[in-house]
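Readers should treat all values here as calculations from the given coordinates under stated rules, not as data from a laboratory. These numbers were taken from a predicted model, which means no experiment stands behind them. Don't worry about glycine lacking a Cβ; one is built from the backbone with ideal geometry, like all the others, and counts go over all protein chains shown.
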Number of protein chains: 4
Amino acid sequence: MTTPAESTKSVEVTESGEAGHEAGHHGYMSDKDRYLARLKRIEGQVRGVHRMVDEEKYCIDILTQVSALTSALENVALSLLDDHLKHCVVNAARNGGAESDEKIAEASAAIARLVKS
Amino acid sequence: MTTPAESTKSVEVTESGEAGHEAGHHGYMSDKDRYLARLKRIEGQVRGVHRMVDEEKYCIDILTQVSALTSALENVALSLLDDHLKHCVVNAARNGGAESDEKIAEASAAIARLVKS
Amino acid sequence: MTTPAESTKSVEVTESGEAGHEAGHHGYMSDKDRYLARLKRIEGQVRGVHRMVDEEKYCIDILTQVSALTSALENVALSLLDDHLKHCVVNAARNGGAESDEKIAEASAAIARLVKS
Amino acid sequence: MTTPAESTKSVEVTESGEAGHEAGHHGYMSDKDRYLARLKRIEGQVRGVHRMVDEEKYCIDILTQVSALTSALENVALSLLDDHLKHCVVNAARNGGAESDEKIAEASAAIARLVKS
């Protein structure tokens, strides 16, 4: 799913000297292709729900698909969050000070949005 | 969004004598175009998240989008459920007996899946 | 858990001629003792979490208990909602008109609060 | 709410040389009284719901209280988690190695339980 052009770009970013920052921000990089594949599948599921409504399928069957979709999205969010804690938050904690506090506050706010959504 | 062929098909279904059943099953029909538009927008949002991962955007910003997406899907589900209660469940309750019990059990199970997803 | 005095009161209410209304409003009545027992257990669980904080137990262990508690409460809510649909909403649907619309709107709003809480 | 005996015990634990560990585990300590007060209020709310069922209040009103209760518990959980990240996870990240990985995995699992409960 990543074209050669894209991999080149991502190499360039690393070469630009922001390696530490990049590693922090892009903890999901190693799994990038897996995330992209999961999101493609979710996009297909949304299209499936669209088709079900268009073909006037039974409401409860549509709701079952929407619940599955919500769970799939939540799982993507939980994986992203785990990667973010593992990389970005751990790095910030090591650097300490305001950066550390800020990253934790930001992560807590994201967790609250997830729990409440 | 509905092609002439599709409207014909749905007329045929009604002509097949299942009118009562259809009315129950397809409570969302009057709003069908709005549901289809909402789902198109959600599909676009999923593609937006896919792009953000592909472009290696900041994790927390991606999580914000995923939370918005989950809320949008939940709102679609709540609308579908409301339409289902208004039409299908009300009709079944009027018919009474096993059909009524079955529709309520089915709706409760769908609600539980939504609450727990 | 129900004292004789309480059962007498509830008989009086029924005798006051509001039987239809009562049956609709109090669909959970048959299971009342089970609901009261579940809520007593939940109250005990909250006290357990209070004790864990007071004894400065490990944060993650407290969070595990809070998640279990949230699930237990959601299950009580889902049971109450199922009973409400089975009795109150079904009765209102049979009566039809504004009462039916109102009960459905009310149930949908309660479901939305549950899904979003 | 903490008896003299209890404070002594907690001092002893600190004296046993586990100070670093304790600081990590008990990030919520500074706010302990506030957590205890919030949990007391939640316990009172559960008792209120119990009373409502016992007095056979209207189902939808009980559901409203249960939703408020679930939100209050989620907020306690989110505060505990924030404190846990701020103290325990940050400390572990600084220590690095297996301890850091373990604490992150544990926090991610707790977040997943919260999101899915």
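Counting partner chain Cβ atoms within 10 Å of every residue's Cβ in B:32-44, what's the average? Please report the intermediate quantities before stating the final value.
Numbers: counts 3, 2, 0, 6, 4, 1, 2, 11, 3, 1, 8, 8, 2.
The shielding value for this peptide is 4.
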Near C:K116, which lysines are there with a Cα under 18 Å away, not counting those fewer than 8 places off in the same chain? A:K116, B:K116, D:K116
Under 19 Å between alpha carbons, and skipping anything fewer than 8 positions from B:K103 in its own chain: which lysines qualify? A:K57, B:K86, C:K86, C:K103
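Given an 8 Å cut-off on Cα distances and at least 6 residues of separation, report the relative contact order of the stretch B:31-116 as a percent. Display every interim value, and only then the final one.
Values: 28 pairs, mean separation 19.0, N = 86.
For the stretch B:31-116, the relative contact order is 22 percent.
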To the nearest 0.05, how large is the calculated FRET efficiency for C:K40 and D:N75 if R₀ is 22 Å and r is the Cβ-Cβ distance? 0.40
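Per the Cauchy relation, a quarter of the hull surface: what is the mean projected area of the convex hull of the alpha carbons in the stretch D:31-116, in nm²? Don't skip to the end; give the middle numbers.
Working: hull surface 26.0 nm².
Directional mean of the projected Cα hull area for the stretch D:31-116 stands at 6.5 nm².
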Label-point separation (nm) for A:Q65 and A:E102, each offset 7 Å from Cα along Cα-to-Cβ? 4.4 nm
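Applying a 10 Å radius around every beta-carbon, put D:49-61, B:83-95 in order of their mean neighbour count, most first.
Values: D:49-61: 17.8, B:83-95: 21.4.
Top of the packing list down: B:83-95, D:49-61.
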